[in-house]
Amino acid sequence: MKNFDNILDIIYQGQSLSSPLSDFASDSVILETSLTEYLYFGRETPFHSIFLAFLTSVSCQFELQIYNGSTWESTSDLIDDTLSFSRSGFIMLPKSLSIIPSLFNDKTQFWMRIKFLEAKTLSVLALNILFSNDSDLKREFFPISGADFKLGASNFFLIHEAVRDYIVQFFRIKGIVKSPWDFAEIEEVRLAAVYLALSKIFLSVSDTQEDNWAIKGYSYDKKGETLLKTVSLTFIDSEGVEIKSNFKVGRCYR
């Protein structure tokens, strides 16, 4: 079931793509990029990271544009883990970059837009946010990219999505966040997400509760849970204000 708190507003060529691109289990959307069209995406609260997942990746040069209060401007101050859409990955902006709300599609909110510099056909699986990526898993446990761990899948996106939702729920029951977009710093929960994702993968390939994969799975689960219980988390409240919370001592402060 889709969670409306997780969804970005996504508009391309006057069409809403918010629902089909909101999760990683949906069918892919074919985008015919145009040099005269923009892919808009936005939320009511500020955000500085997205995750783009492709069913099949095709390199396509682009510019990411933000609204500066008077006009749209391209920014090169970003981390493009997709390598110009040649693979799935994060696109991140520095938090110091000021994004001003703008009016688009009858909504005033924090919009960004992608200007395509090439005419290509993109098969986009999702435009949303995750807390970890397949490459993160590989850095922690290199053999994870083997087919035996994927159980017929081509990637671990659904695992990452499930872990993301678990982490959100972990902090939601504390009354802190409502959605993954409330996390101002993904890096604060990234390692915990990696550990919990590996735990799910190892447990899924184990044959018994006592074999080596099960033992590794329970070990990574414990490590992930420990990190979540001691993390110092920066989140964004309903007014867009960043708040720092240290759950080890149970206090929040601005």
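The values are calculated or read from the model by the stated rules, or taken from the named source; none is laboratory data. All figures in this text were calculated on a predicted structure; none of them were measured in a lab. Counting neighbours? That spans all protein chains shown, and the Cβs are built from the backbone with ideal geometry, glycine included.
Under the condition of being at pLDDT 95 or above and of a type in the set (S, T, N, Q), which residue from the range 75-101 is farthest from GLU242 (Cα to Cα)?
Across the range 75-101, the extreme among qualifying residues is SER86.
When the residues of the range 198-236 are filtered to those that are among the basic types (Lys, Arg) and in contact with a Phe, Trp or Tyr (Cβ under 8 Å, 6 or more places away or on another chain), which remaining residue is farthest from PRO46 (Cα to Cα)? Break it down into steps so the answer makes sense when it comes.
Here is the first cut: in the range 198-236, the ones among the basic types (Lys, Arg) are 200, 216, 222-223, 229.
Those still in the list that are in contact with a Phe, Trp or Tyr (Cβ under 8 Å, 6 or more places away or on another chain) too: 216, 223, 229.
Values: LYS216: 38, LYS223: 31, LYS229: 26 Å.
Applying the filter and picking the extreme gives LYS216.
Hey, any hits in the range 193-200 for a residue that's free of Cβ contacts under 8 Å to residues at least 60 places away in the same chain, part of a helix (DSSP H, G or I) and surrounded by fewer than 18 Cβ atoms within 10 Å (Cβ to Cβ)?
no
Could you figure out which of (1) in contact with a Phe, Trp or Tyr (Cβ under 9 Å, 6 or more places away or on another chain); (2) within 28 Å of ILE159 (Cα to Cα) isn't true of SER19?
Unmet for SER19, out of (1) in contact with a Phe, Trp or Tyr (Cβ under 9 Å, 6 or more places away or on another chain); (2) within 28 Å of ILE159 (Cα to Cα): (1).
Those residues that are surrounded by fewer than 16 Cβ atoms within 10 Å (Cβ to Cβ) and either over 19 Å from the mean Cα position of the chain (by Cα) or part of a loop (DSSP other than H, G, I, E, B) (or both), I need them from the range 121-136; list them, please.
Selection gives THR121 alone.
Could you list, in sequence order, the residues of the range 41-53 that are touching a Lys or Arg at 6+ places or on another chain (Cβ under 9 Å) and farther than 17 Å from LEU78 by Cβ?
Result: GLU44, single match.
Which one of these does ILE114 not meet: (1) closer than 19 Å to ILE11 by Cβ; (2) touching a Ser or Thr at 6+ places or on another chain (Cβ under 8 Å); (3) of a type in the set (A, V, I, L, M, F, W, C)?
ILE114 satisfies every listed condition except (2).
So how many residues does the range 137-178 have that are crowded, with 19+ Cβ neighbours inside 10 Å and of a type outside the set (Phe, Trp, Tyr)?
Going through the range 137-178 one residue at a time, the tally reaches 10.
Condition check ((1) modelled with pLDDT of 90 or more; (2) surrounded by 13 or more Cβ atoms within 10 Å (Cβ to Cβ); (3) assigned to a loop (DSSP other than H, G, I, E, B)) across all residues:
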| residue | (1), (2), (3) |
| --- | --- |
| LYS2 | no, no, yes |
| ILE10 | yes, yes, no |
| PHE24 | yes, yes, yes |
| ASP27 | no, no, yes |
| ILE30 | yes, no, no |
| ILE50 | yes, yes, no |
| LEU55 | yes, yes, no |
| SER70 | yes, no, yes |
| GLU73 | yes, no, no |
